[in-house]
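S.K.: Structure incoming, see below.
The values are calculated or read from the model by the stated rules, or taken from the named source; none is laboratory data. Bear in mind the structure is a predicted one, so any value in this text is a computation, not a measurement. Don't worry about glycine lacking a Cβ; one is built from the backbone with ideal geometry, like all the others, and counts go over all protein chains shown. These accessible areas exclude ligands, DNA and RNA; they are computed on the full protein's heavy atoms, side chains included. Shrake-Rupley method; radii C 1.70, N 1.55, O 1.52, S 1.80 Å.
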Amino acid sequence: MDKLVKFAIIGCGRISPNHLDAIKNAPHATLVAACDIDEQKAKAVADEYGCSCYTDIEQMISCEEIDVCCILTPSGYHAEHGCMVASHGINVFCEKPIDVTKEKADMLIKCCEENNVKLGCVFQRRAYDAAIKTKEAIEKGWLGTVTLADAYLKYYRDAEYYKSAAWRGTLELDGGALMNQSIHGIDLINWMMGGIESVDAKCKTIVWDIEAEDTSVIRVNYKNGAIGVIEGATTAYPGLETLFSFHGSKGSIIFGDKGFYLWDLEDKSIPVPEVTNSMGGVNCGYNETNYGHTYLIEDMAMAVLEDRPPLIDGREAKKAVDIILAAYKSSQIGGEVSV
């Protein structure tokens, strides 16, 4: 299958290099246009990647032949910009989160469904070996009855990061440590464990001068009966490694950015799986290969060519948002909240 799927990006900010690199390296993707309200940013992308540049979304859509638009604008604009694209019959590939409220997330999902376009979303940690192999171990019962599952998402963002754009740290357009940084780990552990049923959370703004939270602890009840803790922060200097731990009646697994740190099963015939790719870097940094984004861009391209759903669709991506919104509510009322 030699056909190339034509991608455009909307938003040329902090995350755009990952999408641009992924489109460049995905076998069935090609970049045709870049759009940003800052003409200088859009032109810089066009000059480097040899595509057209625009400062207006509608103009780009009317002038270019586009199969997929990557939505890379501030989180609180994702649904608005995604719906603009979908209403023109163009498929949507949305960065996390799908949006910051239930209403807007639902709006984007409904708009894509009504316009019969695909909605793919970015949770690149699902593409990595350690996560896939751990999910397999849980599902095959290698851990026995899983009793504990924890995620430690202890990152660091300084004051300059939050001052770099007026929307950062706001509830309307960004959210805090959970909605922006920790959402990747929340999605991952929810996916691996088969769903979170309820949360009891404490979300606080302790260090940074922002509207949203910078430090959170969530006690989690999983649908399979296990319990656990999710810690998410942007106040843990200098920014630590992302870690996940799983414990059950027949084994324990701990993995992080560099692979497995513990694989101890009662059944010693099951070897420690080989990890051929990295989950990412310390402090929620991106790995050198950009494997996860490339994997998902290629999957989105193939979803278009094969007319199938993408690996992570809108309804799947919304689960992490629902968990975080439940955590916010729990912290506000001081009690357990169902997801």
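S.K.: If I stretch the segment between residue 116 and residue 139 completely, what's the gain in nm (0.36 nm per residue apart, minus their alpha carbon distance), one decimal?
M.R.: 5.0 nm
S.K.: Sticking with this structure for a sec: Round to the nearest 0.05 the FRET efficiency obtained for residue 106 and residue 30 when R0 = 41 Å and r is the Cβ-Cβ distance.
M.R.: Rounded to the nearest 0.05, the efficiency is 0.80.
S.K.: Which whole-Hz ³J(HN,Hα) couplings does region 268-278 yield from phi under the Karplus relation 6.51 cos²θ - 1.76 cosθ + 1.60, θ = phi - 60°, glycine and proline marked x?
M.R.: 3J(HN,Hα) across region 268-278, in whole Hz: 6, 6, 8, x, 5, x, 6, 10, 9, 9, 8.
S.K.: Among 175, 137, 148, whose Cα projects farthest towards the positive end of the dipole of region 101-181, with charges put on the beta-carbon of Lys, Arg (+1) and Asp, Glu (-1)?
M.R.: Projecting each Cα onto the dipole axis, the largest value belongs to 137.
S.K.: Give the cysteines in the chain for which no other Cys Cβ lies under 4.7 Å away, or write none if there are none.
M.R.: Lacking a cysteine Cβ partner under 4.7 Å: 12, 35, 51, 53, 63, 69, 70, 94, 112, 121, 203, 284.
S.K.: Which residues' amide hydrogens lie under 5 Å from the amide hydrogen of residue 175, considering only partners 5 or more residues apart or on another chain, with H built in the peptide plane?
M.R.: Amide H neighbours of residue 175: 169, 170.
S.K.: What ³J(HN,Hα) values, in whole Hz, does the Karplus curve 6.51 cos²θ - 1.76 cosθ + 1.60 give for region 163-169 when θ = phi - 60°, with x put for Gly and Pro?
M.R.: 7, 5, 8, 5, 7, 5, x
S.K.: Okay, next question. Rolling a 1.4 angstrom probe over the protein heavy atoms, how many square angstrom per residue are accessible across region 197-339?
M.R.: Computed with neighbouring chains in place, this is 48 Å² per residue.
S.K.: For region 46-52, in order, what is each residue's ³J(HN,Hα) by Karplus, 6.51 cos²θ - 1.76 cosθ + 1.60 with θ = phi - 60°, in whole Hz (x at glycine and Pro)?
M.R.: 4, 5, 6, 10, x, 10, 7
S.K.: Enumerate the amide H contacts of residue 31 below 5 Å, restricted to partners 5 or more residues apart or on another chain; note that Pro and chain-start residues carry no placed amide H.
M.R.: Answer set, sorted by chain and number: 7.
S.K.: Below 14 angstrom from the Cβ of residue 255, what's the summed charge of the other residues (Lys, Arg +1; Asp, Glu -1)? Mind dumping the intermediate values first?
M.R.: Numbers: positive: 125, 126, 133, 135, 258; negative: 129, 136, 150, 241, 257, 264, 274.
With Lys, Arg at +1 and Asp, Glu at -1, the net is -2.
S.K.: Quick one: check the C-alpha center-to-center distance for region 132-180 versus region 265-289, whole angstrom.
M.R.: Going from one Cα centre to the other spans 17 Å.
S.K.: Around residue 245, with a cut-off of 12 angstrom between Cβ atoms, what is the net charge of the other residues, counting Lys and Arg +1 and Asp and Glu -1? Intermediate results must be reported in sequence, preceding the final value.
M.R.: Values: positive: none; negative: 150, 231, 264.
That sum, taken over residues with Cβ under 12 Å, equals -3.
S.K.: Keeping all protein chains in place, calculate the accessible area per residue for region 16-99 (probe 1.4 angstrom), answer in Å².
M.R.: 40 Å²
S.K.: Let me ask another. Can you give the calculated 222 nm mean residue ellipticity of the chain, where each DSSP H run of n ≥ 4 adds -39,500 (n - 2.57) and the sum is split over every residue, rounded to the nearest 500 deg cm²/dmol?
M.R.: Using -39500 (n - 2.57) per qualifying helix, the result is -10000 deg cm²/dmol.
S.K.: Return the carbon/sulfur percentage of the accessible area of region 84-159, one whole number, probe 1.4 Å, all protein chains in place. Kindly include the intermediate steps, with their values, before the conclusion.
M.R.: Numbers: 1370 of 2800 Å².
Looking at region 84-159 in its full context, I get 49 percent from C and S.
S.K.: Now for a separate question. Determine the dipole magnitude for the chain: charges of +1 sit on the beta-carbon of Lys and Arg, -1 on that of Asp and Glu, nothing else is charged, the reference point is the Cα centre, and the result goes in debye to the nearest 20.
M.R.: For this selection, approximately 800 debye.
S.K.: Follow-up question, since we're still on this one. When Lys and Arg each count +1 and Asp and Glu each count -1, what net charge do the other residues less than 11 Å away from residue 122, Cβ to Cβ, add up to?
M.R.: So the surrounding residues net to 0.
S.K.: From zero up to wherever the largest Cα-Cα distance of region 108-264 sits, split into 5 Å bins and tell me the percent of pairs in each.
M.R.: Using 5 Å bins, I get a P(r) of 2, 9, 17, 18, 17, 15, 12, 7, 3, 1 for region 108-264.
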